[in-house]
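Single-structure report; data block below.
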Amino acid sequence: MLQCCSQGYSYGVEPRHEALQHRMSSTSKLGSFHSPLGFNQFRCCSFSQGQLYPLPSTSSPARPLIQRRFLYHPQKQNPRGTGVFLGFKRRCYPDSLPLASKNYLVRARKKRYGGVLPSVLRSLESENDVEKTLNSLWDNLSEKEQTVILKEQTNWKRVVGVFEFFKSRNDYVANVIHYNIVLRALGKAQRWDELRRCWIEMAKNGVLPTNNTYGMLVDVYGKAGLVVEALLWIKHMRLRGIFPDEVTMSIVVRVLKNAGQFDRADMFYKNWCVGRVELDALELDSIIDFENGSGSAPISFKHFLLTELFKTGGRIPTPSIAGTSDEEILARKPHLTSTYNTLIDLYGKAGRLKDAADVFDEMLKSGVAMDTITFNTMIFICGSHGHLSESESLLNKMEEMRISPDTKTYNIMLSVYARVGNINATMKYYRKIREVGLFPDIITYRAVIHILCQRNMVREVEAVIEEMEKSSQCLDEHSLPVVIKMYVNEGLPDRARNLLDKCQLKVEMSSKIRAAIMDVYAEKGLWPEAETVFNWNRDCAGQKNDILEYNVMIKAYGKGRVYDKANSLFKNMRNRGTWPDQCTYNSLIQMFSSGDLADEARNLLAEMKRARFQPNCLTFSSLIACYARLGQLSNAVDVYQEMVEAGVKPNEVVYGALINGFAENGEIEEALRYFRMMKECGISPNQIVLTSLIKVYSKLGYFDGAKQLYQQMMDLEGGPDIIASNSMINLYADLGMVSEAKLIFNSLKEKGEADEVSFATMMYLYKNMGMLDEAVDVAEEMKQSGLLRNHVSYNKVMACYVNNGQLRECGELLHEMFSQDMLPDCGTLKVLFTMLRKGGFATEAVDQLQSSCQKGEPYATESVITAVFSVVGLHALALEVCETFTKSDADVGSFTYNVAIYAYGLAGEIDKALNTFMKMQDRGLEPDLATHFSLVHCYGKAGMVEGMKRIYNQLKYGEIKPSDSLLKALIDGYKTANRHDLAELVNREMRLGFNMEQYSDSDSAWYSDHETEAESEEISLGL
């Protein structure tokens, strides 16, 4: 924030202007500079012996705008009298002495009074009875002392009270200075009705307003944001025949500048310079015509008050009072430093850098003394438009002219460098403030903290805060949300909480700041932390949260998906004295819609309408999209009709949700109907709509239409999105068009946009085309790309490995899933059951495991995982999982013992396998086919031929139900025990007895014939 100088009024013996202060806001948006002359003129100034010489420029060689010869002029005298100070009082401080602090300078500027005034002022501060205090002293008070007493009152009621006492004295003579003081106090307090009565009384008492009066009224109305009303005072002034002086003109320019009406401010200034004040050009006649009392525009309450008081004080004075006509004809130019400062600021804010430079040049040429504010304004203008070298040059010239930079000067420099992200330069000027004997203020700390927080420089931020505490300054509330955000981003919630606890005791935070802090937590889904900040007011008696805090708290609950809390907060907010607004309803409806809570969102929509709030387009579209996702398309259409009836125009998002919903539901004609409606409304389809249409055409098999839409998306900014590209790959996959699908897939990979759906679709395409090696390559590439994030992606890659016979790779992926606490889902189990069959696991054992999983029996999933690890040879992992149920005291089914026996046997843990079998019998569980299958593998691994003979005899004589899997296990077991003769004997006898086909050594990859092609398709990679 820059401090600039303007003009106002002093209440001395003669009616002369006082010095007013106004601020140039650093938050205003300055326009871009497009001057063809460049902006190097400020770097081309060299002050030597009263002349201006060009300096070498390292950038553009454009002709400088400021190359004028000037002399240092002595201080000019005010042509209108001694009541107004026109020049610039330059103060130079030795290097060894620090400049006074801001508070000290303010105190130094305050006048020190002699005589009885100090005691009178102290008495008035401590005594409520004005009459009692002033009664005994009245006779000894001069007119000047009366003015001082009136001016020094701190609030409008005191000013009015003192003035009423003055008027009650018989010997008091009313004067314009006292009325100016009272009118100013009432205007600053925005007591417009009291101001009107004072103005009427002033006219009745025959006290005529002066330039000072009108300028002061323009000032107070302008600062209250009443720009039109402020300018109406100038119209009234002209009706009285008074021409604005320089101070009044400067105030009008400042009021228009602060209102953003830069062209009107410039026009007023230029007209004044040629002796005209053409208010008609400022479009005021359409408001009120005070000469005939008519007007075309509606009259507000404040306009009515102005009409009344203008009529009262609108009589035309004699020419001797009003001034001569020559005054209006003569050209004039400003002489005050503060006027030039205002003009420079005006053109800077308007983005007219050349005009600002011309005013600066005119100051030099006219010998108008420059002050710190002049350079601060120019430095800010240059820096705000990216001309940092010119800002540096101006700072150097400022020091050469022995105009001492103040803290605001360095604040500007560090702020403009912070804006462009130059942290080194920012910190350089931050340190320089103390180096030159100044002290950082709250603006300094705010700018430095903001740039450090943007880069998450925690240590540096804490060092600045520590320095502030040493200087007895608290972290300002506007910086607090920024620091909290830095801590949250860096994962330091404890430090954020400690800072909040400390600041809560020292700083009284506004509702907006609390809401900003809550929003930091809300964005990260940290609703408990946001809730803590929200509840601060509950600990303070008489305090309540405003609607902004409620809305942010609802947002936090929505981000955290705690919808019940959001709903409860909404229902209770009225009981705490806060009523929901339009934003509250919109946020809740959108939140519930995103959580697929369609009924709650629909009820709130109806309640919102009953409360006479208008839902916005986003609210309707979110509810329509919710119904579309849920497949409740009739409800989606109903909400669409409500939207149209409410006068809210549907946009492409609404139509996209409806088209996509009908496309997903297979209602192709309805999807196309809404697409036609959208085109009839003149809405161009966006990516979402075009993607939905590609889905529609894909389902219709309309290849040419889908291809044409995809080509249309290629011409859009950013090209087709990933969903459209995947849809096209899927369409090509259905049509068996490998090269076309591969072209899009490779393009996605090159741009880094390929996702798990892209890879899965390509695996599906290659698998269907019998290109299993290519499918495995894609699966491996997907794994290496880090796209295995959920069950769906893992299942598709594992299925690809199973179809290609790469069972061990499938087992390794299962271990990766298991280590991430991702237990198999239904899709995973389908893949694993097929994998077990292909791995030679008994069909009866697989069916047994499948049945246990469907029934949800204890340790069913763990048993499947153990069997898979054993089949693929990952025995250590198999035994690790096996321990989870073998050591359990729970009552488990026979399938767990069967798997345990199988796992221990294949791992060579024969004793554990046999002990498990004995434990199974002790619990009264009879062995089944799966048990015998596991035992045969165990006996074969241990070379226990007698055990296999016993099971074979039971099978041969019908004690065990005939089983192809068990027969195959016996043959493999004998071979494992190196008894090929017995294996051949069993093979021959069984072939004769059971008419079984010959088994050969190549049968190790054999599995049950009942695994059909349809079963294999269950784990296909299709979408």
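The values are calculated or read from the model by the stated rules, or taken from the named source; none is laboratory data. In this text, all values refer to a predicted model and were calculated from it rather than measured experimentally. Here the Cβ positions follow ideal geometry from the backbone for every residue, glycine too, while neighbour counts run over all protein chains shown. These area figures cover heavy atoms from the full protein model, side chains too; ligands, DNA and RNA do not enter into them. Shrake-Rupley method; radii C 1.70, N 1.55, O 1.52, S 1.80 Å.
Where does the charge balance sit around residue 728 when Lys and Arg score +1, Asp and Glu -1, over other residues with C-beta under 9 Å from its C-beta?
0
Between residue 547 and residue 119, what FRET efficiency comes out of the Förster formula 1/(1 + (r/R0)^6) with R0 = 56 Å and r the beta carbon distance, rounded to 0.05?
Efficiency at R0 = 56 Å is approximately 0.65.
What do you get for chymotrypsin sites (Phe, Trp or Tyr not before Pro) in the stretch 921-989 restricted to DSSP loop and a cutoff of at most 12 other Cβ within 10 Å of the site's Cβ?
957
Any chance you could look up the accessible area of residue 902 with a 1.4 Å probe, heavy atoms only, rounded to 10 Å²?
About 10 Å², ignoring ligands and nucleic acids.
Compare the peptides 544-557, 183-196, 596-609 by average per-residue count of other Cβ atoms within 10 angstrom and give them in order, highest first.
544-557, 183-196, 596-609
Please list, or write none, the lysines whose alpha carbon is within less than 20 Å of the alpha carbon of residue 432, excluding same-chain residues fewer than 8 places away.
List returned: 102, 397, 408, 470.
Hey, what's the Kirkwood Rh for the stretch 890-987 if you take every pair of different alpha carbons, in angstrom?
About 13.3 Å, per the Kirkwood formula over Cα pairs.
Around residue 623, under 15 Å between beta carbons, what's the net of Lys plus Arg minus Asp minus Glu among the other residues?
Around residue 623, the surrounding residues sum to -4.
Would you calculate the separation in nanometres between label points at residue 855 and residue 502, each defined as 7 Å from the Cα along the Cα-to-beta-carbon direction?
6.4 nm
So which of 151/223; 767/968; 506/544; 144/204; 524/783; 749/783 end up more than 22 Å apart, counting from Cα to Cα?
767/968; 144/204; 524/783
Cβ under 13 Å from residue 609's Cβ, residue 609 left aside: what net charge do those residues give with Lys, Arg +1 and Asp, Glu -1?
Here the count lands on 0.
Can you pull the one-decimal nm distance between simple spin-label points at residue 271 and residue 579, each 7 Å off the Cα toward Cβ?
Distance between the two pseudo-spin positions: 4.4 nm.
Return the FRET efficiency for the residue pair residue 667, residue 926: r is the Cβ-Cβ distance, R0 is 56 Å, and the value is rounded to the nearest 0.05.
0.50
Could you check the simple spin-label distance between residue 880 and residue 676, using points 7 Å along Cα→Cβ, in nm with one decimal?
Spacing of the two 7 Å Cα→Cβ label points: 6.2 nm.
Which entries in the list 235/270; 707/742; 559/751 go over 20 Å, if you measure between the two C-alpha atoms of each?
From 235/270; 707/742; 559/751, over 20 Å: 559/751.
Computed FRET efficiency, Cβ-Cβ of residue 434 and residue 492, R0 22 Å: what is it to the nearest 0.05?
Once rounded, the FRET efficiency stands at 0.15.
Counting only C-alpha contacts under 8 Å and six or more residues apart, can you give the relative contact order of the stretch 722-874 as a whole percent?
Contact order relative to length: 16 percent.
Could you pull out every one of the aspartates and glutamates with an alpha carbon less than 18 Å from that of residue 919, ignoring same-chain neighbours closer than 8 positions?
List returned: 883, 889, 891, 909, 911, 928.
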